[in-house]
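The values are calculated or read from the model by the stated rules, or taken from the named source; none is laboratory data. Bear in mind that the values here come from a model prediction, so they are computed numbers and not experimental data. All Cβ positions, even for glycine, are placed from backbone atoms using ideal geometry, and neighbour counts span all protein chains on display. Protein only, heavy atoms only, side chains kept; ligands, DNA and RNA dropped before computing areas. Shrake-Rupley method; radii C 1.70, N 1.55, O 1.52, S 1.80 Å.
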Amino acid sequence: MQAIVDGHRTIGPRLRDSSIVLAEISGPEDLASGVGLEQAPGVCRVVDLDPADSRRFAWAVGPHSAKAVQHPAEQILFEATVDQSGVHVEPVPPTADDPRPVAVIGLRPCDLAAVGVLDNVLDGGRFGGVDPLVVVVNCTDPGGTCFCTSMGTGPALDADRASGADLVLWERTGTDPEYLVTHVSERMAPTLDAVARSEATAEDASWASQATTDAASRMGRVLSTDGLAERLTATLDSERWDDIAQRCLSCGNCTMVCPTCFCSSVHDTASLDGSTVARTQRWDSCFSLDHSYIHGGSVRSGTDDRYRQWLTHKLSSWWAQFGESGCVGCGRCISWCPVGIDLVEEANLLSAEADLDPGGLQATAPGDPTSATMSITEVLVRRRGEV
């Protein structure tokens, strides 16, 4: 680990504020070690491991993801000065004073999948153009809210998806953890060459295979994804949304911890004399009443409307927009919901409620009001007989 830290501004999992968060580290000793995470709906709690177990990655996911690197919570889009000759746009200032390249240590396979999803949305290249060195640690300790196997994003990276990382590791139990390396990128190879290591054995490969099987069998949730996008579109006017709304606080926690949610707002600020102006982008949430505000009021004024927008976008209409699911199965939204609303439970119940033809809604004719390719607003209007 120290070989990576040297020469990089390194971000890794640290124990802070009674949680495991991503923050800058100066060495392996800064990593959260000897601890795990207990996760359930509305619960994410740090727990101590056995005193003899000093693993640094014996947990699934905390509240932070790589989104903070590729889509910062706040960033200046541009600055400008105004004088008699006109408006002069200034270059965007650097996001950090530290000139060293960035490295991110300890991402899970589901998080790497989320990086790809968000890059597809932002269309800004790898990590929005930041392109850090990425170290992924395969997951052996899934949390009680994890369902990455349902989404095909974990618990371990296969050969095809491993190409998105610079180094992929397995961590083995022990007072002095050992690491099994399964993938090394070209730019990571020189760093690894400077580290003492030995060739993996057949027993090592067998252990890794069994670790994947064991982790998958202990997954905390199972989401039924068969025809899910179409099924959710068929339940847009279900009474289930009203039931969820009675529990949902519209706090936006789920969108803040989600590694793929990308909603943002733009704010312009000017100096008192009007000579300078800055445009800043900040994270926002579709659970905010103002987020869908247009002249005359908010498009989604009710909590049921806002939760439906979030869940159906994540699991259904995201396919029509970007050709893939917006959910990677990390379970953060379940753990960090103050009232413990379970996305998997709600999606499964809504899916089971859908009244589908034997062929599913994929077979509906173009223009059919239940087609998943239509906008949610149009589907709702038509299904409620308002046009």
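See the values below:
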| item | result |
| --- | --- |
| The chain: calculated mean residue ellipticity at 222 nm from DSSP helix runs of at least 4, using -39500 (n - 2.57) | -7000 deg cm²/dmol |
| Environment charge at Ser292 (Cβ cut-off 10 Å; Lys +1, Arg +1, Asp -1, Glu -1) | 0 |
| Selection of GluC sites (Glu not before Pro), segment 66-172, meeting DSSP coil and at most 10 other Cβ within 10 Å | none |
| Pair Ala73, Thr269: separation of 7 Å Cα→Cβ label points (nm) | 1.6 |
| Separation in nanometres of the label points that stand 7 Å from Cα toward Cβ, at Glu24 and Leu349 | 4.5 |
| Electrostatic dipole magnitude of the chain [Cβ: Lys, Arg +1; Asp, Glu -1; Cα centre; debye, to 20] | 360 |
| R0 of 51 Å, Cβ-Cβ distance Arg172-Ala245: FRET efficiency to nearest 0.05 | 0.65 |
| Full-stretch length increase - Val181, Glu324 - with 0.36 nm per residue and alpha-carbon distance subtracted | 48.6 nm |
| Ranked by how many other beta carbons lie within 10 Å on average, peptides 243-251, 196-204, 333-341 from highest | 333-341, 243-251, 196-204 |
| Inter-part distance where segment 156-211 and segment 216-264 are each reduced to a Cα centre, Å | 34 |
| Average accessible surface area per residue within segment 49-164, 1.4 Å rolling probe, Å² | 42 |
| q = 0.20 Å⁻¹, segment 138-296: log10 I(q)/I(0) [Debye, one scatterer per Cα] | -1.38 |
| Whole-number D in µm²/s for segment 264-336 (Stokes-Einstein; Kirkwood sum over Cα pairs; 10 °C, 1.306 mPa s) | 107 |
